[in-house]
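The values are calculated or read from the model by the stated rules, or taken from the named source; none is laboratory data. In this text the structure is predicted, and so the values were computed from the model without any measurement. Methodologically, a virtual Cβ is constructed for each residue, glycine included, from the backbone with ideal geometry; neighbour enumeration extends over all protein chains shown. With ligands, DNA and RNA removed, areas are computed over all heavy atoms of the protein, side chains included. Shrake-Rupley method; radii C 1.70, N 1.55, O 1.52, S 1.80 Å.
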Amino acid sequence: MTGIRILLARLRGLFGKTDSDARLDDEIALHLELETQQRIAAGLSPAEARRQARIAFGAIEAMKEEHRDGRGILWIEDLIADIRHALRALRGAPVLGGAAIITLAVGIGANTAIYSAVSAVILRPLPFADPGRLVMLTEENPDRGWHLNVAAPANYLDWKEQVAAFQDVAAFIPNEGTATLTGPGNPRSVDGISVTGNFFRVLGVPAELGRTFSDQETWDGGPTVAVISDRLWRAQFGATPAIVGRTIHLDGGDIQVAGVMPATFAYPSSSVDMWTPTAWKTSDRSQVFFRRAHFIRPIARLKPGVTLQQANAQLQVVVDRLQHQYPLTNTHMGAEMVPLHDFIIGNTRQPLEILLAAAGLLLLIACANVGNLMLIQAAGRGRETALRLALGAGRGRLVRQGLAENLLLSVIGGSAGLALGWWGTHTLMALEPAGMLPVDNIGVNWHVVTYVIAITLASGLVFGIVPILWTSRRAPGDALKEGGRGAGVGHRMRRWGRFIVVAEVALALLLSIGAGLLVRSFERLERVDPGFDPDGVVAITMNIPGNRYDTTTKVSGFYHDVLGQVGALPDVRSAAVTTTLPLAGGVGWTSDFTAAGRGADGYGTEVAHRTVSPEYFRTMRVPILRGRGFTAADTPDGAQVVVINDALARSYFRGENPIGQRIAFDRVPDSASVWRTVVGVVGDERQSALATVPQIEVITPELQAPSTYMNLMVRTGHDPKAVVGAIRRVVARIDPSIAFTSVQTMNEVRDQSLAHARFLMLLLFSFAGAGLLLGAVGVYGVMAHAARARTREMGIRIALGAQRPAVRWLVLREGLALTAIGVALGIGAALVVCRAMTALLYQTGSTDPVTLVVVPMVLAITALLATWLPATRAARADPVVSLRGE
């Protein structure tokens with residue numbers, strides 16, 4: 001308690017100094033008056049009595065200082081005084097302070113924006129109950145090239161039942177489907193997904209209203225129910241609680257709403273608005289296809305106390321057992337478990353880490369730049385500092401004042417950077433390509449604020465340590481001698497300045513080479529031929545309800561009517577349908593295959609399947625290399641035919657003519673296999689993305705394999721979006737209940753395929769541009785100050801007959817030498833560091849010669865321009881004026 005009372009007394013003394021000083025003055029005056037009266041009473045004159053009273057009392061000002069030190073907290077008073085001194089210094093040099101603050105704000109703002117994304121994606125825990133015990137189960141098969149692949153339902157059920165380490169295992173079908181919600185107003189397309197009955201329970205997320213699913217609803221037999229998102233509940237149903245139990249109309253059928261999920265739940269993707277139970281048939285459990293078809297994502301929750309290693313060991317035992325028990329489907333079929341958070345992050349981690357590293361480099365360049373400014377400022381105050389040291393000021397006090405000034409700059413810069421970063425997070429979300437980040441929002445939360453505070457304080461120390469060390473180690477005599485005549489700043493200061501310039505150039509070059517590699521990669525990616533002509537083509541995705549179009553005749557009839565009427569529209573040159581949209585990120589379903597007459601080892605794996613209408617190749621301008629395309633004669637009653645792409649012809653039919661050969665979609669054909677005749681070979685289309693090589697592909701005619709989920713492709717003579725309204729009216733006349741899931745031109749699809757690469761390139765290029773600019777400013781600042789410091793020398797040289805170009809070369813030579821050292825160090829660092837970017841580059845190595853030559857040349861030219869200005873100014877110096885000033 002005594003310590004608390006002392007602390008409170010000191011705080012009262014600190015914040016009530018005026019009253020305390022007044023009371024102290026009154027006490028001293030009273031004491032002196034009493035002493036004076038005593039001496040007058042002893043016979044002394046009033047003047048002598050006052051003099052002796054003062055002598056007896058001692059040094060009044062020293063007593064006051066001692067009293068002030070005892071009543072307050074000295075370090076807080078010193079800190080307040082240092083901050084006031086820093087504010088006065090900032091007001092005295094507003095240009096330098098403003099430049100430092102802006103430079104720091106750019107560096108800290110970039111770090112804030114990128115770290116916000118890192119925090120949201122990598123550091124933020126999943127919004128599930130005890131998410132650390134959730135793992136994603138995947139299938140591995142080196143024979144098929146599978147890694148982290150979807151699983152077969154039968155295998156999932158065996159894992160669920162036989163791995164004791166799992167508390168429970170749920171699953172969902174990752175391929176989102178669309179359904180048409182009808183009712184009041186226009187039909188609305190809704191993204192939905194199928195899940196097992198225990199899906200929400202395993203994740204540990206209850207419904208906001210109503211209920212989720214039960215285990216029994218994994219299997220068929222109950223009423224058709226759905227759980228909807230909070231977003232759909234509010235937008236479509238006015239957030240009425242009466243929605244629970246209500247029947248809604250979906251794809252022409254009735255479905256009952258069982259519950260509404262919380263607004264924070266958005267899994268497995270933010271676009272999902274409806275979850276329905278898988279409703280598998282119980283008889284499917286024993287069927288071969290249930291173990292051969294792989295299309296679900298299982299999520300397991302580990303039992304309390306069970307480690308990932310223990311659970312994986314048990315899983316591998318079950319996997320080995322299934323390989324021996326089901327050799328037809330499970331040979332070479334392995335399994336792996338990945339923490340759910342790591343699986344969701346996936347390939348997003350590396351780009352974010354690279355961007356965060358780039359933002360960190362930019363901040364280091366900014367700190368080096370501000371360090372240069374502070375060093376120049378410290379040099380300008382050299383005479384003042386020397387005088388203060390000579391008059392008795394402590395070096396520790398000067399160091400504290402320097403730290404206070406640096407921290408004030410960094411705090412102001414950090415605050416501006418935080419505001420800039422807040423704006424940057426919104427810009428980042430606006431520019432971010434769809435699906436790149438597995439989160440919906442990036443916010444500045446307390447994690448981000450803590451990070452900003454940390455880098456702000458660290459920045460103040462980083463850019464301030466060099467000037468502080470330089471100032472604190474200087475001898476007053478040296479500073480006074482340098483500060484008399486001439487503008488010299490000392491060899492030590494010049495060494496520090498040169499070191500900072502070299503570091504700036506090296507960091508800027510490292511950042512610029514990384515950006516240059518992405519630019520080179522993007523240029524090559526842009527030149528990739530997608531295998532079709534996207535100009536003038538619009539793609540419209542439709543999902544027709546299977547409960548009404550329940551036969552192949554009805555499905556084919558619908559598309560026949562749509563294609564006929566759309567093809568007759570003005571400005572429409574041709575129209576077709578396809579199950580898989582090229583460059584849209586998927587290849588449809590895949591299977592094994594074999595050609596007639598091949599041996600037991602003559603099978604192939606992972607051939608992609610697609611269905612198109614006869615006009616597809618003409619509409620997309622995909623070349624038919626051999627044979628023919630499809631015709632109206634390729635009906636279900638005719639011979640089963642296929643067209644293959646050139647990749648399949650080159651790899652599987654190498655040295656053969658594939659036309660006329662028959663293939664079956666089985667590894668080992670049997671009496672139930674369906675044989676199809678290859679009638680044509682077409683050019684390769686990029687199915688997933690421009691950066692992904694074309695996969696081997698088999699294409700079947702739409703009349704022989706109609707699907708309820710198709711993309712309508714329409715080629716026009718002018719703006720493809722201009723005909724969308726007419727197409728919508730055509731579809732509405734044929735079936736008013738069908739909604740368009742998406743409408744986009746193929747050029748937009750192509751741009752979306754480039755969006756990820758473009759986004760990373762632009763961000764890193766922006767950082768590199770800012771780093772290059774800051775580096776140039778740093779070179780200019782140091783060389784300009786060095787030129788001013790050598791004014792007397794330059795004046796003497798010119799007076800003695802030196803030519804001005806030679807004087808200019810003295811400054812240029814020093815700047816170019818520093819730049820050359822920085823370039824060499826930067827290239828060496830880039831050769832090591834940029835290897836981490838290999839996975840993000842397309843046909844571009846981390847040692848791309850063009851990048852390693854062009855980028856250093858650009859930086860060298862920039863540094864030359866930054867050095868040329870002070871060199872020219874030095875060469876124009878008037879020797880008379882310079883010497884007179886000295």
Which members of the range 568-587 meet the condition of being surrounded by 17 or more Cβ atoms within 10 Å (Cβ to Cβ) and of a type outside the set (S, T, N, Q)? 572, 575, 576, 577, 581, 582, 583, 584, 587
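Every residue, every condition in (1) modelled with pLDDT under 60; (2) part of a helix (DSSP H, G or I); (3) out of contact with any Leu (no Cβ under 9 Å at 6 or more places or on another chain), yes or no:
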{"residue": "5", "(1), (2), (3)": "yes, yes, yes"}
{"residue": "9", "(1), (2), (3)": "yes, yes, yes"}
{"residue": "12", "(1), (2), (3)": "yes, yes, yes"}
{"residue": "28", "(1), (2), (3)": "no, yes, yes"}
{"residue": "33", "(1), (2), (3)": "no, yes, yes"}
{"residue": "40", "(1), (2), (3)": "no, yes, yes"}
{"residue": "48", "(1), (2), (3)": "no, yes, yes"}
{"residue": "63", "(1), (2), (3)": "no, yes, no"}
{"residue": "68", "(1), (2), (3)": "yes, yes, no"}
Residues that are surrounded by 15 or more Cβ atoms within 10 Å (Cβ to Cβ), in contact with a helix residue (DSSP H, G or I) (Cβ under 8 Å, 6 or more places away or on another chain) and within 14 Å of residue 114 (Cβ to Cβ), drawn from the range 425-438: 425, 428, 432, 436, 437
Within the range 303-311, is there a residue that is crowded, with 17+ Cβ neighbours inside 10 Å and polar (S, T, N, Q)? no
Apart from one, (1) over 20 Å from residue 542 (Cβ atoms); (2) part of a loop (DSSP other than H, G, I, E, B) all hold for residue 175; the odd one out is (1)
For the range 130-158, which residues satisfy the criterion of being open to solvent by less than 10 Å² (accessible area, probe 1.4 Å) and either under 14 Å from residue 303 (Cα atoms) or part of a strand (DSSP E or B) (or both)? 134, 135, 136, 137, 138, 139, 141, 151
Any residue in the range 235-256 that is within 22 Å of residue 222 (Cα to Cα) sitting within a Cβ distance under 7 Å of a residue that is among the basic types (Lys, Arg) and part of a loop (DSSP other than H, G, I, E, B)? List the pairs, counting only those 6 or more apart or interchain. 252/548
If we keep just the residues of the range 219-236 that are touching a helix residue (DSSP H, G or I) at 6+ places or on another chain (Cβ under 9 Å) and open to solvent by less than 30 Å² (accessible area, probe 1.4 Å), which is nearest to residue 542 (Cα to Cα)? 228
With respect to residue 833, determine if the residue is at pLDDT 90 or above and under 30 Å from residue 352 (Cβ atoms). no
Here is a list: 742, 766. Which entry is under 30 Å from residue 180 (Cα atoms) and surrounded by fewer than 20 Cβ atoms within 10 Å (Cβ to Cβ)? 742
Which numbered condition in (1) open to solvent by less than 60 Å² (accessible area, probe 1.4 Å); (2) at pLDDT 70 or above; (3) farther than 23 Å from residue 350 by Cα is the only one that residue 464 fails? (2)
Which of the residues belonging to the range 442-459 are over 25 Å from residue 371 (Cβ atoms) and either small (Gly, Ala, Ser) or under 12 Å from the mean Cα position of the chain (by Cα) (or both)? 442, 443
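Restricting to the range 673-705, name every residue that is open to solvent by 30 Å² or more (accessible area, probe 1.4 Å) and over 40 Å from the mean Cα position of the chain (by Cα). If you could, list the steps in order and put the result at the bottom.
The first filter runs over the range 673-705 and keeps only residues open to solvent by 30 Å² or more (accessible area, probe 1.4 Å), leaving 674-677, 684, 686, 688, 691-696, 703-705.
Correct list: 674, 675, 676, 677, 703, 704, 705.
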Please specify each residue of the range 340-349 satisfying the condition of being surrounded by 16 or more Cβ atoms within 10 Å (Cβ to Cβ) and more than 17 Å from residue 160 (Cα to Cα). 341, 343, 344, 345, 348
Residues in the range 699-714: is at least one at pLDDT 90 or above and of a type in the set (Asp, Glu)? yes
Test residue 533 against the stated conditions and say whether it is open to solvent by 10 Å² or more (accessible area, probe 1.4 Å) and either assigned to a loop (DSSP other than H, G, I, E, B) or modelled with pLDDT under 90 (or both). yes
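Quick one: would you say residue 600 is free of Cβ contacts under 8 Å to residues at least 60 places away in the same chain and either closer than 23 Å to residue 533 by Cβ or exposed (fewer than 15 other Cβ atoms within 10 Å of the Cβ) (or both)? So that I can check it myself, show each step before the final result.
Numbers: free of Cβ contacts under 8 Å to residues at least 60 places away in the same chain: no; either closer than 23 Å to residue 533 by Cβ or exposed (fewer than 15 other Cβ atoms within 10 Å of the Cβ) (or both): yes.
No; evaluated as a whole, the condition is false for this residue.
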Would you be able to tell me the number of residues in the range 273-291 that are in contact (Cβ under 8 Å) with a residue 60 or more places away in the chain and either in a helix (DSSP H, G or I) or at positive phi (or both)? 6
What are the pairs with Cβ atoms under 8 angstrom where one residue, in the range 674-696, is in a strand (DSSP E or B) and the other, located anywhere, is of a type in the set (Lys, Arg) and surrounded by fewer than 22 Cβ atoms within 10 Å (Cβ to Cβ)? Sequence gap at least six, or different chains. 676/662; 677/662; 678/662; 679/628; 680/626; 680/628; 681/626
So, in the range 237-275, of the ones that are polar (S, T, N, Q) and either touching a strand residue (DSSP E or B) at 6+ places or on another chain (Cβ under 8 Å) or within 29 Å of residue 343 (Cα to Cα) (or both), which residue ends up surrounded by the fewest Cβ atoms within 10 Å (Cβ to Cβ)? 264
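Say we look at the range 721-739 and pick out the residues that are charged (D, E, K, R) and under 21 Å from residue 177 (Cα atoms); which of these is least open to solvent (accessible area, probe 1.4 Å)? Write out each step before concluding.
Let us first name the residues in the range 721-739 that are charged (D, E, K, R), namely 721, 728-729, 733, 735.
This time we only want the ones that are under 21 Å from residue 177 (Cα atoms), so: 728, 735.
Values: 728: 117, 735: 10 Å².
Within the range 721-739, the match that is least open to solvent (accessible area, probe 1.4 Å) is 735.
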If you go through the range 292-335, how many residues are assigned to a loop (DSSP other than H, G, I, E, B) and not small (Gly, Ala, Ser)? 10
I'm trying to understand the selection: among the residues of the range 545-556, which are in a helix (DSSP H, G or I) and either touching a Phe, Trp or Tyr at 6+ places or on another chain (Cβ under 6 Å) or open to solvent by 30 Å² or more (accessible area, probe 1.4 Å) (or both)? 552, 553, 554, 555
If residue 666 meets every condition in (1) assigned to a loop (DSSP other than H, G, I, E, B); (2) open to solvent by 50 Å² or more (accessible area, probe 1.4 Å) apart from one, which number is that one? (2)
(1) more than 24 Å from residue 144 (Cα to Cα); (2) open to solvent by 10 Å² or more (accessible area, probe 1.4 Å); (3) not in a strand (DSSP E or B) all hold for residue 650 apart from (1)
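Of all residues being of a type in the set (A, V, I, L, M, F, W, C) and either closer than 22 Å to residue 575 by Cα or surrounded by fewer than 20 Cβ atoms within 10 Å (Cβ to Cβ) (or both) in the range 745-763, which is modelled with the highest pLDDT? Just the residue, please. Even if it seems obvious, please write down each step before you answer.
Filtering the range 745-763 down to residues of a type in the set (A, V, I, L, M, F, W, C) leaves 746, 749, 754-755, 757, 759-763.
Cutting the leftovers down to either closer than 22 Å to residue 575 by Cα or surrounded by fewer than 20 Cβ atoms within 10 Å (Cβ to Cβ) (or both) gives us 746, 749, 754-755, 759, 762.
Numbers: 746: 95, 749: 92, 754: 89, 755: 87, 759: 87, 762: 87.
Only one residue fits best here, namely 746.
Starting from residues that are of a type in the set (S, T, N, Q) and modelled with pLDDT under 95, keep the ones in the range 159-182 and report whichever is surrounded by the fewest Cβ atoms within 10 Å (Cβ to Cβ).
Keep residues of the range 159-182 that are of a type in the set (S, T, N, Q), which gives 162, 167, 175, 178, 180, 182.
From what is left, the residues that are modelled with pLDDT under 95 are 175, 178, 180, 182.
Details: 175: 15, 178: 21, 180: 22, 182: 19.
Out of the qualifying residues, it is 175.
How many residues, within the range 198-214, are more than 34 Å from the chain's Cα centre (by Cα) and open to solvent by less than 30 Å² (accessible area, probe 1.4 Å)?
Of the range 198-214, the ones more than 34 Å from the chain's Cα centre (by Cα) are 209-211, 213-214.
Still in the list and also open to solvent by less than 30 Å² (accessible area, probe 1.4 Å): 213.
Matching residues across the range 198-214 total 1.
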